[in-house]
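Inspection log for the structure reproduced underneath, given as structure tokens.
The values are calculated or read from the model by the stated rules, or taken from the named source; none is laboratory data. Computed from a predicted structure; not experimentally measured. A quick note on method: Cβ atoms are made from the backbone with ideal geometry, for glycine too, and the neighbour counts reach across all protein chains shown. With ligands, DNA and RNA removed, areas are computed over all heavy atoms of the protein, side chains included. Shrake-Rupley method; radii C 1.70, N 1.55, O 1.52, S 1.80 Å.
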Amino acid sequence: QVQLVESGGGLVQAGGSLRLSCAASGSIFSINVMGWYRQAPGKQRELVAAISRTGTTNYADSVKGRFTIYRDNAKNTVYLQMNSLKPEDTDVYYCNTVIPPQVYAWGQGTQVTVSS
């Protein structure tokens, strides 16, 4: 079973940037669409960014124009570049497959905290 390890989170001021990484222990080349999700305590996990094997991307309206997702299939890693961060982006961020949906066990996530 492939394991996912997210990293790169931290505390940043509003307007700052972070780059998240998701390293898979096995190949993600065959996964059609990978994505980044986020979840606040007591709320449902939401998909914020997705990328296909061919590089087509999709974003939630709340992050469009600020976040960029990209993947390196050779390194089995998916990244999320987050710019112009807002306090409402504060969440735990996770990666997983989108298509097919959530194939792998959820990792521990990485905490992103944006101060105003």
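Remarks
- The residues neighbouring Ala24, those whose beta-carbon lies less than 13 Å from its own, together hold a net charge of 0 under the Lys/Arg +1, Asp/Glu -1 convention.
- Entry note, the chain: relative contact order of 37 percent, from Cα contacts under 8 Å with a spacing of 6+ residues.
- Of all accessible heavy-atom area on the chain, the percent that carbon and sulfur account for (1.4 Å): 50 percent
- Nitroxide proxy distance, nm - points 7 Å out along Cα→Cβ at Ala74 and Ala105: 3.1 nm
- Å² of accessible area per residue within segment 19-116, as computed with a 1.4 Å probe and no ligands counted: 49 Å²
- Whether segment 22-99 is rounded, prolate or oblate, judged on the alpha carbon gyration tensor where a/c under 1.5 counts as rounded: prolate
- Linear extension gain, Val2 paired with Gln81, 0.36 nm per residue minus alpha-carbon span: 26.1 nm
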